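First the structure, which I've put down as structure tokens, then a few questions once you've had a look.
The values are calculated or read from the model by the stated rules, or taken from the named source; none is laboratory data. Quantities reported herein were computed from a predicted structural model and do not represent experimental measurements. Note that we place each Cβ from the backbone using ideal geometry, even for glycine, and neighbour counts take in every protein chain shown.
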Amino acid sequence: MPASLCGTWDIISNVNFEGYMIALGIGPHIRKIAVKLKLRKVVEQHGDQFVIKTLSTFRNYSVSFRVDQEFEEFTQGLDSKHVKSLVSWKENKLVCEQIGEKKNRGWTHWIEDDKLHLELYCEGQLCTQVFKKNVSE
Ligand code: YOG
């Protein structure tokens, strides 16, 4: 069984977030704000059911899903697109495919060295984020 993704996680590195946002079609004004944000992830899991919240001082985003069950996702406040999403375990990684207007879009989460890792990808751009566990709450 893979290490639990559950908990509150604070970002410690964010590589090529700019490239990922450009691929999503986010304009320069919002990118300038977004690139400076200290993102927090809150992950809850009950069996196959997940809630992943991305929190910031600017906007929040929440997604709920069941593993291996396709769902309609609206990326409200991000690029505000409708996609069909499917999240599944591949080995020890939680992998999401987001099928829609953008090619090759999705994300992958896993735990490594007690850190929460996230790869966000879209149309050939890869953003790599690492979060450390917040133990104060
Ligand atoms: O997370 O898909 O954990 O949903 C990063 C994408 C910035 C808005 C957040 C708000 C941002 C402007 C979601 C940031 C790029 C930029 C806080 C990442 C788009 C718009 C919400 C993500 C998955 C996996 C779960």
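For the stretch 66-84, name all the residues that are more than 9 Å from the ligand (Cβ to nearest atom), in a strand (DSSP E or B) and either under 13 Å from the mean Cα position of the chain (by Cα) or not β-branched (V, I, T) (or both).
Correct list: R66, F71, E72, F74, H82, K84.
Sticking with this one: So E123 fits all but one of (1) within 12 Å of the ligand (Cβ to nearest atom); (2) surrounded by 12 or more Cβ atoms within 10 Å (Cβ to Cβ); (3) closer than 19 Å to V15 by Cα; (4) not basic (K, R); what number is the exception?
Checking E123 against (1) within 12 Å of the ligand (Cβ to nearest atom); (2) surrounded by 12 or more Cβ atoms within 10 Å (Cβ to Cβ); (3) closer than 19 Å to V15 by Cα; (4) not basic (K, R), the one that fails is (1).
Something else now. Can you name the number of the only condition in (1) farther than 21 Å from W110 by Cβ; (2) of a type in the set (F, W, Y); (3) touching a Cys at 6+ places or on another chain (Cβ under 8 Å) that F58 fails?
(3)
Please go through the stretch 7-42 and pick out each residue that is over 13 Å from Q129 (Cβ atoms) and assigned to a strand (DSSP E or B).
G7, T8, V42
Search the stretch 55-70 for residues that are farther than 20 Å from W89 by Cα and pair each with any residue that is modelled with pLDDT of 95 or more and of a type in the set (D, E, K, R) when their beta-carbon atoms are under 8 Å apart and the residues are at least 6 apart or on different chains.
L55/R40; L55/K41; S56/K38; S56/R40; T57/K38; N60/K53; Y61/K53
Restricting to the stretch 85-125, count the residues that are among the acidic types (D, E) and assigned to a strand (DSSP E or B).
3
To keep it simple, each residue is scored yes or no on (1) near the ligand (Cβ under 6 Å from one of its atoms); (2) over 21 Å from C122 (Cα atoms); (3) at pLDDT below 95.
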site	(1), (2), (3)
L24	yes, no, no
H29	no, no, no
K32	no, no, no
V35	no, no, no
K38	no, yes, no
V43	no, yes, no
Q49	no, yes, no
S56	yes, yes, no
R59	yes, no, no
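If you check G19 against the conditions, is it of a type in the set (G, A, S), more than 9 Å from the ligand (Cβ to nearest atom), within 18 Å of L120 (Cβ to Cβ) and surrounded by 13 or more Cβ atoms within 10 Å (Cβ to Cβ)?
Criteria met by G19.
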